[in-house]
Amino acid sequence: MTHLRSILEGNGFYRIPLKKLATGHYKLSAKINGVSGDFILDTGASTSCIGIINAAHFKLTSEKSSITAAGAGAINMETSLARNNVLSIRNFQLKNIDFVLFDLSHVNEALFQVKEKEVHGIIGADFLKQRRGVIDYGRNCLYVL
């Protein structure tokens, strides 16, 4: 039987290890504009986002957005948009990546409740779709093209 890993890597996919959290989410480490951070991988999040309090940490330049965000029990949150950033995950790098900025304190509070460390942001379905993401739940890893 052929393994998923050999098929995907044979077709040019890059393997990214994931850490499963007590919440059931997966976490990964990444760099935004050369600065390290921790992110939840969330297939239910339509767009990738960063906590607004981390904008300076990741050297983000933002502009106002008319979009409001909702999720994880929070609704109608004001957002900003940070365009043209560099996302690096291990040896995998993408340029011209946009992030929505908004208050992620509700996410980090939920992590705190189960004794997990806070995250800087969320990698969402926009990234997974663009990079043809495949999650191997059995081996806790993500493959991207």
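Think of the chain as having a plus end and a minus end, set by charges on the Cβ of Lys, Arg, Asp and Glu; of 50, 28, 79, 28 sits farthest toward the positive end of this dipole. In the structure displayed, which of 95/129; 20/59; 27/129; 19/64; 95/117; 59/95 lie more than 25 Å apart, Cα to Cα? Pairs exceeding 25 Å: 20/59; 19/64; 95/117.
The modelled label-to-label distance between residue 103 and residue 145, using points 7 Å beyond Cα along the C-beta direction, is 4.0 nm.
For segment 1-36, list residues with backbone N below 13 Å from a point placed 7 Å from the Cα of residue 113 toward its Cβ? Within reach of a label on residue 113, which here means backbone N under 13 Å from a point 7 Å along Cα→Cβ, segment 1-36 contributes 23-24.
Excluding residue 85 itself, what net charge comes from residues whose Cβ is under 14 Å from its Cβ, given Lys and Arg +1 and Asp and Glu -1? Let's see the in-between values first.
Values: positive: 31, 59, 83, 95; negative: 63, 98, 126.
Here the charged neighbours net out to +1.
Computed extension length for residue 61-residue 36: 7.3 nm, one decimal, from 0.36 nm per residue of separation with the Cα-Cα distance subtracted. For the chain, what is the percent of antiparallel DSSP beta bridges, rounded to the nearest 5? Antiparallel bridges make up about 85 percent of those DSSP assigns within the chain.
Take every pair of alpha-carbon atoms less than 8 Å apart whose residues are at least six positions apart; their mean separation over the length of the chain yields a relative contact order of 31 percent. For the Cα trace of segment 80-145, dividing Rg by the Kirkwood Rh returns an Rg/Rh value of 1.00.
Both radii come from the Cα set of the chain: Rg as radius of gyration, Rh as Kirkwood radius; their ratio Rg/Rh reads 0.97. Dipole magnitude for the chain: computed about the Cα centre from +1 point charges on Lys and Arg Cβ and -1 point charges on Asp and Glu Cβ, it is near 580 debye.
Laboratory data are not the source of any read-out in this text; all were calculated from the coordinates shown. Here the structure is a predicted model, which is why all the values come from computation and not from measurement. With ideal geometry, Cβ positions are generated from the backbone for all residues, glycine too; neighbour counts draw on all protein chains shown.
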